[in-house]
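**Student:** Please see the structure below; I have some questions.
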Amino acid sequence: MLKHFQVPDDIAVRVKIENLTAATKAVFLKMGVPEDDANLATDVLMQADLRGADTHGVSNMLRAYVASYGSGATNPTPNEKIVRETASTAVYDGDNGLGIITTPHAMEIAIAKAKNTGVGMVTIKNTGHAGMMAYHALMAVKEGMIGTAYTAGGNSMVPTWGAEPKLGTNPIAFAAPTGTEEPFSFDAATTSIAGNKIGLANRLGHGLQPGWVANDDGSPDMEGAALSDFEAGGVRMQLPMGSTRELGSHKGYSLGVMVDIMCGPLSGAAGFGAATKERRAHFVAAYDVEAFVPLDEFKADMDGMMKGLRETKPAPGHDRVVYAGMIEVETEAERREIGIPLHPEVVDWFEGITSELNIPFNLRD
C-alpha cells in the first residue's frame, strides 16, 4: 500500500496480533455470530491487516460490520445453502450473512468441486461485504489450485465519459501456487483507487492524487482532490482504472462491468438488472492445476517466471522489481514480529466498543 495511506510510525499504535485477534473475535461473538463463524471472520480481517491491506482490516471494516449487525441488515446466524448446482458449479444463497463468512464457505464448495471435475465455480447472492478478496483466492492455492474471487455492488465508479456512478469498485483477485517462490497473489479494484482508501486518507488528513476521482460533472479530476472535497462525503464518484480514455479508463470500466456480470446476473442476485446502489454479490472459482499439468511441473514453471520477474533490471530510483504477493508476505513477517500499526482513532474506537459490549480492552498493552 502506498505510504500516502500508511499510518506514520510516529503516531501508530503497534498492537500485538494475539490481542487484536482476541478483541475482534469477542466483538463478533457479542454480535451473535457463532464461534466457528466468528473465528473465520476474525481470520479474514486479521489476514488483511497482516498483509498490509489496511483498507479491509479491522481499521475500516469491523465498525461497519458492527453497525450492520446492529441495524439488523446482516444476519448473524444465516441459513446458507446451495440453491442451484451442477458437478462443477453452484449458486450459493448467503441468507443475508456477512460476506467474509459466506464467501469462504462458497470457496470451500468450489475447491471440492474442482477436486472432482477440475474446475469449481460458485456465485454468491444475498450476502454482505466480502472483505479482502485475496483471502478467498488464496484458499485455493493452499490446495494446489489457482483461485479467483470477484465482488460487485454499490455505485461508486463513473463509466468512461459518464457523469454519474454506475458500478462499484468491483475488485478482482487471482492467486496461483509456486514452489520456492512466494505465491502470485493479485487483488485490486477496477477503479483507480480502492474505495476504502478514501477512508484511510480521511483519517490521516491527506488529499487524493490526480486521476483518482471525478469532479462533480464526471470529468476526471487531474489536479488532485483536497480533503475538504470528500471528508463530508462530497466525493462519491471514482474513476475507472486508467483515469481517462487516453490512458485506458475504458479497460477499468469494462473490467468492472465484467465483475458485475459474473457476480450479479450469474447468481440471480437482486438489484443488478436495475443497477441499484444496494446490490451486492460475489463470485469465486478454483482451478485444479493437476487437471491441466502435473502440479510439480506447474510450480517449477511458476518459480522460474516469478524469479525472472523479480530479477528484472530496476528502473532509476528503484532498487528492485516485485510481483503481486511479494510485499504482502514481507509485510506479514514484519507485522508478526513487531505488531500491527493502528491509527490512534482506531484504538480509541476499539476502546469505546469494547466498553459498550463489556469486553476486556488490552490493545495498548
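No value in this document is a laboratory result; all are computed from the given coordinates. Just so we're clear, the structure is a prediction, and the values are computed from it rather than from any experiment. Cβ atoms come from the backbone with ideal geometry, glycine included; neighbour counts cover every protein chain shown.
**Student:** List the aspartates and glutamates whose Cα lies under 14 Å from the Cα of K113, skipping any in the same chain that are fewer than 8 positions away.
**Tutor:** Cα-Cα hits under 14 Å: E85, E143, D288, E290.
**Student:** Right, next: Which cross-chain or sequence-distant (5 or more) residues have an amide H under 5 Å from the amide H of T74, H modelled 1.01 Å from N in plane?
**Tutor:** The list, which skips near neighbours in sequence, is Y69.
**Student:** If you project the alpha carbons of the stretch 31-115 onto the principal axes, what extent comes out on each, in Å, largest first?
**Tutor:** For the stretch 31-115, the Cα spread along each principal axis is 39, 31, 20 Å.
**Student:** Right, next: May I ask you to evaluate 6.51 cos²θ - 1.76 cosθ + 1.60, the Karplus curve with θ = phi - 60°, for each residue of the stretch 158-171 and list the ³J(HN,Hα) values in order in whole Hz, giving x for glycine and proline?
**Tutor:** Listing the rounded values in order: 8, x, 3, 6, x, 10, 8, x, 10, 10, x, 6, 6, x Hz.
**Student:** Please identify, among N215, N170, N126, the residue showing maximal mean-square fluctuation in a Gaussian network model of the chain using a 10 angstrom Cα cutoff.
**Tutor:** Of the options given, N215 has the highest mean-square fluctuation.
**Student:** Now for a separate question. Distance in nm between label sites at K307 and M222, each 7 Å beyond Cα in the beta-carbon direction?
**Tutor:** Computed distance between label sites K307 and M222 equals 4.4 nm.
**Student:** Compute for the chain: radius of gyration divided by Kirkwood radius, i.e. Rg/Rh, restricted to C-alpha atoms, rounded to two decimals.
**Tutor:** 0.95
**Student:** Report the gain in length on full extension from K142 to E18: 0.36 nm times residue separation, minus Cα-Cα distance, nm rounded to one decimal.
**Tutor:** Taking 0.36 nm per residue and subtracting the Cα distance, the gain is 42.3 nm.
**Student:** Going down the list K30/K125; K125/K251; K25/K81; K115/K197, which pairs span over 29 Å between their C-alpha atoms?
**Tutor:** Violating the 29 Å limit, Cα to Cα: K115/K197.
**Student:** Another question about this same structure. Amide H neighbours of N96 under 5 Å, at least 5 residues apart or on other chains, H built in the peptide plane: list them.
**Tutor:** Long-range HN contacts for N96: T127.
**Student:** If you don't mind, another one. Amide H of L342 versus every other amide H placed in the peptide plane: which residues, excluding those fewer than 5 positions away on the same chain, fall under 5 Å?
**Tutor:** Those lying under 5 Å, H to H, from L342 are V13, R14, V15.
**Student:** Counting only GluC sites (Glu not before Pro) that are in a DSSP loop and have at most 15 other C-beta atoms within 10 Å, tell me the longest site-free stretch of the chain.
**Tutor:** 1-222
**Student:** Treating cross-link reach as a plain straight distance, find the aspartates and glutamates whose alpha-carbon is under 12 Å from the alpha-carbon of K307, omitting any fewer than eight places away in the same chain.
**Tutor:** Straight-line reach from K307, under 12 Å: E181, E182.
**Student:** Residue-wise, which Karplus ³J(HN,Hα) couplings in Hz belong to the stretch 145-154, taking 6.51 cos²θ - 1.76 cosθ + 1.60, θ = phi - 60°, and x for glycine or proline?
**Tutor:** 10, 8, x, 10, 8, 10, 9, 9, x, x
**Student:** Of all alpha-carbon pairs in the stretch 18-60, indicate the percentage at a distance above 16 angstrom.
**Tutor:** Counting every Cα pair in the stretch 18-60, those more than 16 Å apart make up 28 percent.
**Student:** Still on this structure, please answer the following. Starting from the exponent 0.38 and prefactor 2.2 Å, build the expected Rg for the stretch 150-219 from its residue count and divide its actual Cα Rg by it.
**Tutor:** 1.37
**Student:** With a point put 7 Å past each Cα toward its Cβ, work out how far N39 is from A73 in nm, to one decimal.
**Tutor:** Spacing of the two 7 Å Cα→Cβ label points: 3.0 nm.
**Student:** Next up: Compute the distribution of all C-alpha to C-alpha distances in the stretch 302-364, in bins of 5 Å from 0, and list the percent of pairs in each, rounded to whole numbers.
**Tutor:** Computed distribution, short to long bins: 4, 14, 14, 13, 12, 11, 9, 7, 8, 7, 2.
**Student:** Run the numbers on the chain and let me know its relative contact order in percent, using alpha-carbon pairs under 8 Å that are six or more apart.
**Tutor:** 22 percent
**Student:** Report, in deg cm²/dmol and to the nearest 500, the calculated mean residue ellipticity at 222 nm for the chain, where each DSSP H run with n ≥ 4 adds -39500 (n - 2.57) and the sum is divided by the residue count.
**Tutor:** -12000 deg cm²/dmol
**Student:** Let me ask something additional. What distance in nm separates the simple spin-label points at E356 and E297, each placed 7 Å from Cα in the Cβ direction?
**Tutor:** 5.7 nm
**Student:** Right, here's the next one. For K277, list the aspartates and glutamates whose Cα falls under 15 Å from its own Cα; do not include residues on the same chain fewer than 8 positions away.
**Tutor:** Within the straight-line limit of under 15 Å, K277 reaches these aspartates and glutamates: E164, D260.
**Student:** Residue separation times 0.36 nm, minus the C-alpha to C-alpha distance between N116 and A64: what's the value?
**Tutor:** Additional length available on full extension: 14.9 nm.
**Student:** Something else about it: Using only C-alpha positions, report the orientation-averaged shadow area of the convex hull of the stretch 211-365, nm², one decimal.
**Tutor:** About 16.6 nm², averaged over all directions.
**Student:** Arrange the following residues from fewest to most other Cβ atoms within 10 Å of their Cβ: H56, H105, H206, H282.
**Tutor:** If I rank by nearby Cβ atoms, fewest first, I get H206, H105, H56, H282.
**Student:** Further question: Find how much the distance from K81 to L247 grows on full extension, using 0.36 nm per residue of separation minus their present alpha carbon separation; answer in nm with one decimal.
**Tutor:** Going from the current span to full extension adds 55.5 nm.
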